[in-house]
1. Within the set of pairs 6 or more residues apart or between chains, which connect a residue that is more than 16 Å from Ala349 (Cβ to Cβ) inside segment 252-272 to a residue that is buried (at least 19 other Cβ atoms within 10 Å of the Cβ) and of a type in the set (D, E, K, R) with Cβ atoms less than 8 Å apart?
2. Look through Pro273, Pro255 and report the one residue that is within 29 Å of Gly231 (Cα to Cα), in contact with an Asp or Glu (Cβ under 7 Å, 6 or more places away or on another chain) and modelled with pLDDT under 60.
3. Considering every residue within segment 87-94, establish whether at least one is crowded, with 18+ Cβ neighbours inside 10 Å, touching a residue at least 24 places away in the same chain (Cβ under 8 Å) and assigned to a helix (DSSP H, G or I).
4. Among the residues of segment 97-124, which ones are over 25 Å from Asp205 (Cα atoms) and surrounded by fewer than 20 Cβ atoms within 10 Å (Cβ to Cβ)?
5. Just name the residue that is nearest to the chain's Cα centre (by Cα) out of those in segment 17-49 that are modelled with pLDDT of 85 or more and small (Gly, Ala, Ser).
6. Ala232 is checked against (1) surrounded by fewer than 17 Cβ atoms within 10 Å (Cβ to Cβ); (2) under 22 Å from Ser172 (Cβ atoms); (3) at pLDDT 75 or above and fails just one. What number does that condition carry?
7. Any idea which residue in segment 336-355 is modelled with the lowest pLDDT, counting only those that are in contact with a helix residue (DSSP H, G or I) (Cβ under 9 Å, 6 or more places away or on another chain) and not small (Gly, Ala, Ser)?
8. Going residue by residue through segment 149-166, is there one that turns out to be farther than 28 Å from Arg14 by Cβ, outside the structural domain of Ile17 (by TED's automatic domain parsing) and either touching a helix residue (DSSP H, G or I) at 6+ places or on another chain (Cβ under 7 Å) or modelled with pLDDT under 85 (or both)?
Amino acid sequence: MADDGKTFEIELMRQGIFADQHDRVTAVDTTLIRDLADSYDETASPAPLVLGHPSSNHPAYGWVKSLTERGGKLFAQVGQVPEVLREAVRDGYYRKCSASFFPRNHASNPKPERAYLRHVGLLGAKTPAIKGLADVAFSDADEDSGIIAFSDEPMAHSDAMAMLARIVEMLSLSMKPEQVAELVPQNVQDAIKGDGIISPAALCDSLNSADAALKARLSSLVQVESEAERGAISFAENLNEEFVGNMVREGRLAPCAREDIKRVLTALDTGGPVSFSDGGEGEIEKNPADVLRDTIRSGFPIISLGELTRGNSETLAFADEEVREEDAIRDHVEEARDKGRSITASQAAAELGFL
């Protein structure tokens, strides 16, 4: 659309402590607001009006013509806004905005010695990072600023102090005092204990550093716990593989149940303890896998390892290494099939007197 020369004022920023989209806190004060207002150069590095916060900074639906600090707030004059977007704003589709800016010394900052506006994003359903800004309004009436105040407030200084105090307390459980002091200077630690005053900027710096360190330690702890859990499962699997093998050889466990029992025992081994009766009126906590193992051990053999007969005086000597119970069951199933009978392994075991 051709530029009709109309511009619209948008309230971008106010003073306070705010959390951005990366959960980092930033202290917005008059110094930062004036820095942004004074550094802006429409000719050299214009900031576009975009939808949301695109990483590519385009497409542009208008351009910021100037930035002004007034009453501790930052205002933008935007122009070259297409009529379709003006209508969308008037219809309430984009009621809020959020500013993205380069901090000092950022690699992409066109004026690295000062903070610089990157873009202004119009927001629909997404809440802006700085709450409490006036609604965006594009009006053809020059005298109508369209600014409507609402009640959402930035994070209170005391709330940020309390948050930092909790993080420092958690870090102190696993870090030495000098390590904590590298993240949160001693004067800041004194301030959060009520002994001293700290600026919002220093508070935000310490809060961001401490929060990042805490998240890193929690992530490391989760990784260690995961590795320990995998190790415990592997140990339990090896232990139970040996146990079920012994029980099958002793005739206390049917071969067909070997794998299932091993999996059940492994699952129970890696779980928590369960309360069982101690034989009287009390209870005692035991590993449920140990209870199951003891039960299996104490039972009578389901397969005798001595000599058994099939009922026709034919003897099976299961003490011999050459003949195993699995072979006998398999042979019986095949013999039955040859005679036109279809039986399961369990039926074969029962017919052989194994069960």
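The values are calculated or read from the model by the stated rules, or taken from the named source; none is laboratory data. Please read these numbers as outputs of a predicted model, since none were measured by experiment. All Cβ positions, glycine included, derive from the backbone under ideal geometry; neighbour counts span all protein chains shown.
1. Pairs that qualify, where the first residue is more than 16 Å from Ala349 (Cβ to Cβ) and the partner is buried (at least 19 other Cβ atoms within 10 Å of the Cβ) and of a type in the set (D, E, K, R), are Leu265/Arg293.
2. The conditions single out Pro273.
3. The answer is yes; a qualifying residue exists.
4. Passing the criteria: Leu123, Gly124.
5. Ala47
6. The number of the failed condition is (2).
7. Taking segment 336-355 as the starting set, the residues that turn out to be in contact with a helix residue (DSSP H, G or I) (Cβ under 9 Å, 6 or more places away or on another chain) are 336, 341-349, 351-352, 354-355.
Checking which are not small (Gly, Ala, Ser) leaves us with 341, 343-344, 347, 351-352, 354-355.
On the way: Arg341: 85, Ile343: 81, Thr344: 78, Gln347: 79, Glu351: 84, Leu352: 83, Phe354: 71, Leu355: 66.
Selected residue: Leu355.
8. Narrowing segment 149-166 to residues farther than 28 Å from Arg14 by Cβ: none.
No: segment 149-166 contains no residue that is farther than 28 Å from Arg14 by Cβ, outside the structural domain of Ile17 (by TED's automatic domain parsing) and either touching a helix residue (DSSP H, G or I) at 6+ places or on another chain (Cβ under 7 Å) or modelled with pLDDT under 85 (or both).
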